[in-house]
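> I have a structure I would like to understand better, so I am pasting it below and will then ask my questions one at a time.
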Amino acid sequence: MNPIEGTIDSQSKSETAAGVKAGVAAGDEAALHPMFHNPRKLRLFKERFFYGSILLATLCALGFLFYLLFSIGAQGWEHLDMDFINNFPSRKPAQAGFKSAIWGTVWLGGMTLIFSVFFGVGAALYLQELSPKNRFTSSIQVSISTLAGVPSIIYGMLGLGIFVRFMGMGRSVLAGSLTLSLLIIPVIIIASREALKAVPDSMRMASFALGATRWQTVRDHVLPAAVPGIATGVILAMARAMGEAAPLIMLGALTYVAFVPSGPLDPFTAMPIQIFNWTSRPQEAFHDLASTGIIVLLGFLMLCNSVAIFIRLRWGRKL
Amino acid sequence: MKKVLLSVLLTATASTSQAFAVDKSLKGEVKLDGSSTVFPIAEAAAEEFQKEYPNVRVTVGVSGTGGGMKKYTVGEIDIANASRKMKDEEAKKATENKIETIELPIANDGIAVVVNPKNTFVKSLTLTQLKALWEPGSKVKTWKDLDPSFPADPVKLYGPGADSGTFDFFTEHVMGTARLSRSDYIASEDDNVLVTGVSKDKNALGYFGFAYFVENAKVIRDIPIVGKDGVAITPSAETIEKGTYSLARPLMIYVNKKSAQRPEVKAFVSFMLKNAGKLSKEVGYVPLKEAIYTDAIKKFDAAMSGKASH
């Protein structure tokens, strides 16, 4: 028996007990109404129905996920080897590799992380801890929530206009990571603010009472307490950024690159772009390569998520 | 025998052993962008070129012919890949930005008109029929509207979206005016989507690049096109090269003359022209006649030496 079922059972048992008690307490009234027991049965039925439907929802989600993983795995497993990771793209599917795409994504991810954490967490700290609560700051809050829902391709157009053309960065890692940062900063701000909100006020009060300044309070008490929540938000947002192809294609990121970027101003390609290119080729062998690419991208994202879990456990325990 | 052995060895250890001279002194960057149709050839040329010149960075983007031209005409890239000729307004913009252009042919491609294999009644189509089928406001709703001997089943159309060079070429050659087309068809920039669509729908008709037909010949059927001389011609490497197939088109590159002054760009363009025949065949396109490549090399050299004497 699984633990969920266990809880449900014990809950319904205690419910039965409560029902009996209620029945006893209600006394004569219960006797007057023969329908009295039916609502309880109905409630139990509703309980079972609810349990069944969430179980079905979970199974459906998992089913689709496993189907997807299985079909991609079956198609892409064959090419997954060191050659695939160490080779540059090629016109010959047997020799084609993912190296420039992997390193492009690593560069992009690293720089996006720096920019988005700095600006995202910074903005969240200001809005949550320091800013006065007035009409101006609440309008900022609404704008941020709106920005979080803007389609990613719009950010691509913005990046092309501002970073690539106006600021003259070209189609570089820098322009790409700034664009992706813009995309995920709203999400990071929202997640960080929630994490900061969850820190009990008593902690701040205690710190102020001991004479700490606002900055000391934030740095030494509020921020460390909020780290697990912030880290989760950041990693989820990063995973989204790493999987994006649309804004990068809009930006004019390249498709064939046979070198690893060596600095922030170098041209680059990224995993989703390479995957997209392979799926649009006429030859079946390239479609298989695309599946292999998806496996590597998924592995990369899982690595990111496990880092998030690690951080959460680590920091969570300290406090 | 030795040659065979060598080539086997070469393919086995292609990344480590190189049979040609490696020139490490040439450095720099060559930027290409444009048509997704030309991309496989550009990728192949870049790949081979960088084996000989490992310190030159060749990058290829895919923005579509129109997108590539936009970047080319403002001088953001050195070479534009195109699956159609440069338009007048694009040429004008390039001139405004003081960009001198050398137009060079790279390979041939055909546009295949295909139907589902279950459709056995269409034996061939004339350009006039294609026009009736695809023109804006077309009255053709069922196959019967196209030819009274066809069944009265509805026609389902599949074609590329408006950003594609294939769309530009097809409409120009069938309609007489580029970009004139009915819009009630299923459009996708991804030719594989069109292939899948036609292969699953017995009333479908679609058009896309010949290479996509070759790879999927088992699930779709190509329709011979009746040309101006009244003969129905099936698309094939031969008929496309000869130009007898009506929907054959040249693929080109447009080279910025100023960029080509840089030794790495010059070396790349020469390399691409010398190897385009072999490489285009490898990636599923139809090479041009040898003489056309020789002429293109001459044209490029002449343009370069002309510039040097200025």
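> Kindly establish whether A:Pro89 is in a loop (DSSP other than H, G, I, E, B) and open to solvent by 70 Å² or more (accessible area, probe 1.4 Å).
Taking the combined requirement at face value, the residue does not satisfy it.
Quick grid of which residues meet (1) within 20 Å of B:Pro154 (Cα to Cα); (2) part of a helix (DSSP H, G or I); (3) not assigned by TED's automatic domain parsing to the domain that holds B:Leu125:
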position: B:Asp184; (1), (2), (3): yes, no, no
position: B:Glu189; (1), (2), (3): no, no, no
position: B:Thr196; (1), (2), (3): yes, yes, no
position: B:Tyr207; (1), (2), (3): yes, no, no
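> Could I ask something else about it? Return yes when B:Ile297 is touching a residue at least 12 places away in the same chain (Cβ under 8 Å), in a helix (DSSP H, G or I), farther than 20 Å from B:Phe39 by Cβ and within 19 Å of the chain's Cα centre (by Cα) and no when it is not.
The answer is no for B:Ile297.
> If I ask for residues that are closer than 30 Å to B:Asn97 by Cβ and assigned to a strand (DSSP E or B), which ones from segment B:255-288 would you list?
B:Val255, B:Asn256
> Identify all residues within segment B:95-128 that are part of a helix (DSSP H, G or I) and not assigned by TED's automatic domain parsing to the domain that holds B:Asp201; write none if there are none.
Result: B:Thr95, B:Glu96.
> Would you confirm whether or not segment A:127-140 contains a residue that is touching a residue at least 12 places away in the same chain (Cβ under 8 Å), open to solvent by 40 Å² or more (accessible area, probe 1.4 Å), under 25 Å from B:Val58 (Cα atoms) and in a helix (DSSP H, G or I)?
No, the conditions are met nowhere in segment A:127-140.
> So, one more: Restricting to segment B:99-140, what's the tally of residues that are surrounded by fewer than 13 Cβ atoms within 10 Å (Cβ to Cβ) and charged (D, E, K, R)? Don't jump to the end; show me each part of the working.
Quick first cut of segment B:99-140, residues surrounded by fewer than 13 Cβ atoms within 10 Å (Cβ to Cβ) only: B:118, B:120-121, B:123, B:128, B:136-137, B:139.
Those left that are additionally charged (D, E, K, R): B:118, B:123, B:139.
Adding up the residues that qualify gives 3.
> How many residues does segment A:65-84 contain that are open to solvent by 60 Å² or more (accessible area, probe 1.4 Å) and either in a helix (DSSP H, G or I) or more than 25 Å from B:Lys51 (Cα to Cα) (or both)?
12
> Only one residue in B:Val195, B:Val155 is at pLDDT 90 or above and within 14 Å of another protein chain (Cβ to nearest Cβ), so which one is that?
The conditions single out B:Val195.
> Follow-up. Which fully enclosed helices (runs of 4 or more DSSP H) of segment B:1-85 have 1 or more residues being open to solvent by less than 10 Å² (accessible area, probe 1.4 Å), modelled with pLDDT of 90 or more and under 19 Å from A:Asn277 (Cβ atoms)?
Per the criteria, B:39-52, B:64-72.
> Based on what the data block shows, is B:Glu90 in a helix (DSSP H, G or I), of a type in the set (D, E, K, R) and either crowded, with 24+ Cβ neighbours inside 10 Å or in the same structural domain as B:Lys266 (by TED's automatic domain parsing) (or both)?
Taking the combined requirement at face value, the residue satisfies it.
> A further question follows. Regarding A:Ser202, is this residue in a helix (DSSP H, G or I) and open to solvent by 30 Å² or more (accessible area, probe 1.4 Å)? Spell out the reasoning first.
On the way: in a helix (DSSP H, G or I): yes; open to solvent by 30 Å² or more (accessible area, probe 1.4 Å): yes.
It is true that A:Ser202 is in a helix (DSSP H, G or I) and open to solvent by 30 Å² or more (accessible area, probe 1.4 Å).
The values are calculated or read from the model by the stated rules, or taken from the named source; none is laboratory data. This one's a predicted model, so the numbers in the text were calculated from it and none came from an experiment. Using ideal geometry, Cβ is built from the backbone for each residue, glycine included, and neighbour counts are taken over all protein chains shown. Note: areas computed on protein heavy atoms with side chains; ligands, DNA, RNA excluded. Shrake-Rupley method; radii C 1.70, N 1.55, O 1.52, S 1.80 Å.
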